[in-house]
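Asker: Pasting in a structure now, in structure tokens, and then I'll have a few things to ask.
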Amino acid sequence: MAKRIEAVNVSAYYGSFRAIDNITMTIEPKSVTALIGPSGCGKSTFLRSINRMHEVLPGAKVDGQLMIDGQNIYDRDIDVTAVRRTIGMVFQRPNPFPTMSIYDNVVAGLKLNGVRRKAALDDACEKALRGANLWNEVKDRLNRPGAGLSGGQQQRLCIARAIAVEPQVVLMDEPCSALDPISTLAIEDLIAELKNQYTIVIVTHNMQQAARVSDRTGFFSIDSTGEPGRLIEYDDTAKIFTNPSVKRTEDYITGRFG
Amino acid sequence: MTVGSHSARTRVNLKAQRLPKWAPAALGAGAIGVAALAVHATGFGGPVLTGVTAALLFVVGLAVLSAVVEGGRTSRDRIATSLVYAAFVLALAPLLSMAFTLLSKGTERLNGYFLGVSMKGVSAFDDAGGAYHAIIGTLEQAGIATLITVPLGVLGAIYIVEYGRGRLATLIRFFVDVMTGIPSIVAGLFILAFWVLIVSPYLNNGRPEYSGFAAALALSVLMLPTVVRSTEEMLRLVPGALREGAYALGIPQWKTIVRIVLPTAAPGIVTGVMLAVARACGETAPVILVALGNPAINFNPLSGGQSSLSLYVYEQAGTASKYAPGRAWAGALTLVVLVLTLTVAAKLLARRNKLAR
């Protein structure tokens, strides 16, 4: 249940502004890939273009090829909802659906895509919540509102919601930046478990986090404001953080770069 | 030099002179006393002038006293506080007065008999008659108007917020704004000219048909902009993160709107719809124009004249008979209670879907 993603010359635009320029990288299955870089360098934009969430914003578009299982997800005959079901996403701020219970939040993706059988939904709910390390905390109050959980629990609820539809890939856009250190630890442990089953791509501003959780790291940067973001270096995490081959990467991870 | 001695030498003074707690109350009592005395002595004016004078005396006295004792900033704060309270009382006074008048005069005739009979065969000078036919009319007309308006209005707002891009959406919003300003008599005239005089003859052997349905059409013209605008505001308040969360699960846009966005915005949408319903229930002019009114009970909104509560109140209030004003007040009270009940019921219904916190 994990797929390789190949990005070939991917560029993304907001209107006429080019946010990322010619990104080519291969993301390995059953591994954690971290994207790091300064604010505005396009790492979130690239992440969102992997499951066609970039185009949700008005005027946004993507050029280039993003291959998964030999299919370019930007081809005309691609079903966007199928892409998004295959490539799930967890956002920076926890966004449980406020009108739904914990249970309904977890199975929302299945229910709204036509799964009706109660037993199947119950199984999926328990499996996803166990997968997100949340089952023991909420199993007695599945009918309580999802918005009533703590921030860290809400984020794990969102992860459970994302993995309940059994995606191949899970994208995470700074999933811990709104959380305290203990919740962050819980999510990082979870990421380490999830990579046994899923391909994970995580955007983070926290370089220690990238070093802790990821197998490979991509460093994005921009030359100056208004220029598009580029992939500067992409290598094994251990190499990036100990012996990067590009000077700019070294400057950034050692803090000499703004 | 240690930190402690430094702070002790340049110790900041955080205390200020304050008026005692009882001062405003005492000043208020004094102001009322002085005002009553002055008004009584001059024999000029009554309780209202006493109240106004007392309020003025109180504000000026408190401002001066506070400025002397407490200083300028606190004095201005006290003036502002007094003015805010005064504005609150002024705004509330007419409302309370109206509720009181309505209750005291409306309850005289309001009973089971009044709610159960029509005005058929009742002359203005009989101590009889009721508003049953008018209640039926209001319920049917407002009900049909709501059935027409809510789907149209909510779908229109969904288009504007979720799908509309560029010119067309801007144009629709502009026309909705224009529609908000349509006087009810103009809506009535429009339906009279368009529906009653042009369309209805085709359905009625060539004769124009005045009906409750025509009134409902006119009312929905009036309700539509309110429903669209309030729904639009409510949909915009739904965070984009919720939509993105749904899209990221592979949920199609229309399902996201129906199952995620609309339920989240539902309480606000219901409030907007009920405001529009309340407005429609109170409209008289279009009903006079296109439903004509009818002293008898007419259950059929599609054929024949029909009355409504507001029209009933208008008719009775304009009738020179000692029993008519009583009927008008009772009708008005019925209308208010009806709208209030509908609003409360709708709000409870919208909240029931919300999960208990």
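Asker: Please give me, ordered by residue number, the chymotrypsin sites (Phe, Trp or Tyr not before Pro) of the stretch B:17-103 that lie in loop per DSSP and have at most 12 other Cβ atoms within 10 Å.
Answerer: On the way: sites: B:Trp22, B:Phe44, B:Phe58, B:Tyr85, B:Phe88, B:Phe100; in loops: B:Trp22, B:Phe44.
The qualifying sites are B:Trp22, B:Phe44.
Asker: Where does the charge balance sit around A:Cys176 when Lys and Arg score +1, Asp and Glu -1, over other residues with C-beta under 13 Å from its C-beta? Intermediate values should be presented prior to the final figure.
Answerer: Details: positive: A:Arg93, A:Arg156, A:Arg212; negative: A:Asp173, A:Glu174, A:Asp180, A:Glu188, A:Asp189.
Overall, the nearby charge balance is -2.
Asker: What is the stretch B:19-106's relative contact order, in percent, from Cα pairs under 8 angstrom and six or more apart in sequence? All intermediate terms of the calculation are to be shown ahead of the outcome.
Answerer: On the way: 46 pairs, mean separation 20.2, N = 88.
Relative contact order for the stretch B:19-106 comes out at 23 percent.
Asker: If you don't mind, another one. Which residue, B:Phe174, B:Ala246, B:Ala218, has the largest displacement toward the positive end of the dipole of the stretch B:114-352 when charges sit on each Cβ (Lys, Arg +1; Asp, Glu -1)?
Answerer: B:Ala246
Asker: Nearest 5 percent is fine: what portion of the DSSP beta bridges confined to the protein assembly as shown is antiparallel? It would help to have the intermediate numbers written out before the result.
Answerer: Working: 24 of 44 bridges.
Rounded to the nearest five, the antiparallel share is 55 percent.
Asker: Then there is this: Give me a comma-separated list of calculated 3J(HN,Hα) values for the stretch B:39-51, in order, Karplus coefficients 6.51, -1.76, 1.60 applied at θ = phi - 60°, integers in Hz, x for any Gly or Pro.
Answerer: 5, 5, 5, 7, x, 10, x, x, x, 5, 5, 4, x
Asker: Moving on to the next point. Please state the charge dipole magnitude for chain A, taken about the Cα centre, from unit charges on C-beta atoms (+1 on K and R, -1 on D and E), reported in debye and rounded to the nearest 20. Provide the component values of the computation, followed by the final result.
Answerer: On the way: 31 positive and 30 negative charges, 121 e Å.
With Lys and Arg at +1 and Asp and Glu at -1, about 580 debye.
Asker: Just tell me which aspartates and glutamates come within less than 14 Å, Cα to Cα, of A:Lys195; anything on the same chain fewer than 8 places away is out.
Answerer: Excluding near neighbours in sequence, the set is A:Glu28, A:Glu166, A:Asp215.
Asker: What is chain A by shape, rounded, prolate or oblate, if you read a ≥ b ≥ c off the alpha carbon gyration tensor as root eigenvalues and call it rounded for a/c under 1.5, prolate for a/b larger than b/c, and oblate otherwise? Write down the numbers at each step before the final one.
Answerer: Numbers: a/c = 1.92, a/b = 1.44, b/c = 1.33.
It is prolate, given that a/c is not under 1.5 and a/b is the larger ratio.
Asker: On to the next question. Of the heavy-atom accessible surface of the stretch B:19-106 (probe 1.4 angstrom), what whole percent is carbon and sulfur? Working shown, then result.
Answerer: On the way: 4760 of 5920 Å².
Whole-percent figure for carbon plus sulfur exposure: 80.
Asker: Scan around A:Leu35 for amide H atoms under 5 Å from its own, H built in the peptide plane at 1.01 Å from N, and keep only partners 5 or more places away or cross-chain.
Answerer: Those qualifying (amide H under 5 Å, at least 5 residues apart or on another chain) are A:Ile202, A:Val203, A:Thr204, A:Gly218.
Asker: Here is a follow-up. Report the one residue of A:Gly131, B:Val161, B:Leu96 whose Cα lies farthest in the direction of the positive end of the charge dipole of the protein assembly as shown (charges on C-beta: Lys and Arg +1, Asp and Glu -1; origin at the Cα centre).
Answerer: B:Leu96
Asker: How would you order B:239-249, A:150-160, B:120-130, B:198-208 from highest to lowest mean count of nearby Cβ atoms within 10 Å? Don't skip to the answer; put the middle values down first.
Answerer: Numbers: B:239-249: 20.0, A:150-160: 23.6, B:120-130: 14.7, B:198-208: 12.2.
Most protected by this proxy first, the peptides run A:150-160, B:239-249, B:120-130, B:198-208.
Asker: Sticking with this one: So how strong a dipole does the stretch B:108-227 carry about its Cα centre when Lys and Arg Cβ are +1 and Asp and Glu Cβ are -1, to the nearest 20 debye? Mind dumping the intermediate values first?
Answerer: Working: 6 positive and 7 negative charges, 92 e Å.
Dipole of the stretch B:108-227, to the nearest 20 debye: 440 debye.
Asker: Once you've got the Cα coordinates, tell me which of A:Lys30/A:Lys118; A:Lys43/A:Lys127; A:Lys3/A:Lys127; A:Lys61/A:Lys127 are over 25 Å apart.
Answerer: Going by Cα-Cα distance, A:Lys30/A:Lys118; A:Lys43/A:Lys127; A:Lys61/A:Lys127 fall outside the 25 Å limit.
Asker: Which far-off residues, 5 or more places away or on another chain, put their amide H under 5 Å from the one on A:Ile20, with H placed in the peptide plane?
Answerer: Here A:Ala12, A:Gly229 satisfy the definition.
Asker: Next question, about the same structure. In chain A, what percent of the accessible surface is made up of carbon and sulfur (1.4 Å probe, ligands and nucleic acids excluded)? Write down the numbers at each step before the final one.
Answerer: Details: 5060 of 10870 Å².
Answer for chain A is 47 percent, counting heavy atoms of protein chains only.
Asker: Still on this structure, I have one more. Would you mind putting B:336-347, A:60-71 in packing order, based on average other-beta-carbon counts within 10 Å, highest first? Please report the intermediate quantities before stating the final value.
Answerer: Numbers: B:336-347: 14.7, A:60-71: 16.3.
So the peptides B:336-347, A:60-71, ranked by packing, come out A:60-71, B:336-347.
Asker: Per residue, how much accessible surface does the protein assembly as shown expose to a 1.4 Å probe? Answer in Å², no decimals. Working shown, then result.
Answerer: Working: 30680 Å² over 615 residues.
Roughly 50 Å² per residue, with all protein chains present.
Asker: Peptide A:96-108: average number of partner chain Cβ atoms within 10 Å per residue?
Answerer: Numbers: counts 2, 8, 8, 13, 5, 1, 1, 0, 2, 1, 0, 0, 6.
Per residue, the average neighbour count from other chains is 4.
Asker: Which order do peptides B:135-143, B:24-32 fall in by mean Cβ count within 10 Å, highest first?
Answerer: Details: B:135-143: 23.9, B:24-32: 15.3.
Highest mean packing first, the order is B:135-143, B:24-32.
Asker: Another one. Take peptide B:89-98, look around each residue's Cβ out to 10 angstrom, count Cβ atoms belonging to other protein chains, and average those counts. Show your work: numbers first, answer last.
Answerer: Numbers: counts 0, 0, 0, 0, 0, 0, 0, 0, 0, 0.
Other-chain Cβ atoms within 10 Å of each residue's Cβ, averaged: 0.
Asker: Can you give the mean number of other chain Cβ atoms that lie within 10 Å of the Cβ atoms in peptide B:250-261?
Answerer: Neighbouring Cβ atoms belonging to other protein chains average 5 per residue here.
Asker: Whole-Hz ³J(HN,Hα) for each residue in the stretch B:226-238, computed from phi via Karplus 6.51 cos²θ - 1.76 cosθ + 1.60 with θ = phi - 60°, x for glycine and proline: what do you get?
Answerer: Once θ is set to phi - 60°, the couplings for the stretch B:226-238 become 4, 5, 4, 5, 5, 4, 4, 4, 5, 5, 5, 6, 6 Hz.
Asker: Whole-Hz ³J(HN,Hα) for each residue in the stretch A:7-22, computed from phi via Karplus 6.51 cos²θ - 1.76 cosθ + 1.60 with θ = phi - 60°, x for glycine and proline: what do you get?
Answerer: Couplings: 9, 10, 6, 7, 10, 10, 10, 10, x, 9, 7, 8, 8, 10, 10, 6 Hz.
Asker: Leaving out ligands, DNA and RNA, calculate the buried accessible area for the pair A and B with a 1.4 Å probe, summed over both sides, in Å² to the nearest 100. Intermediate results must be reported in sequence, preceding the final value.
Answerer: Numbers: alone 11920 and 20970 Å², together 30680 Å².
Counting both chains, the buried surface is close to 2200 Å².
Asker: What are the residues whose amide H is under 5 Å from the amide H of A:Ile232, where those residues sit 5 or more places off or on another chain and H is modelled from the backbone?
Answerer: HN-HN under 5 Å from A:Ile232: A:Phe219, A:Phe220, A:Ser221.
Asker: Among A:Val107, A:Pro228, A:Gln168, pick out the residue whose Cα is farthest towards the positive end of the charge dipole of chain A, where Lys and Arg carry +1 and Asp and Glu carry -1 on C-beta, about the Cα centre.
Answerer: The residue sitting farthest along the positive end of the dipole is A:Val107.
Asker: Please work out the FRET efficiency for the pair B:Lys255 and A:Glu137, using the Cβ-Cβ distance as r and a Förster radius of 30 Å; give the result to the nearest 0.05. Let's see the in-between values first.
Answerer: Working: r = 29 Å, r/R0 = 0.98.
After rounding, the FRET efficiency stands at 0.55.
Asker: Same structure, new question: Within a Cβ distance under 12 Å of A:Phe91, other residues only, what is the Lys/Arg minus Asp/Glu net charge? Before the final figure, lay out the partial values.
Answerer: Working: positive: A:Arg48, A:Arg93, A:Arg161, B:Arg243; negative: A:Asp173, A:Glu174, B:Glu244.
Computed value for this residue: +1.
The values are calculated or read from the model by the stated rules, or taken from the named source; none is laboratory data. This structure is a prediction, so every number in the text was calculated from the model and none was measured. Here the Cβ is made from the backbone with ideal geometry for all residues, glycine too, and neighbour counts use every protein chain on show. Accessible surface is based on the protein model in full, side chains and every heavy atom, while ligands, DNA and RNA are left aside. Shrake-Rupley method; radii C 1.70, N 1.55, O 1.52, S 1.80 Å.
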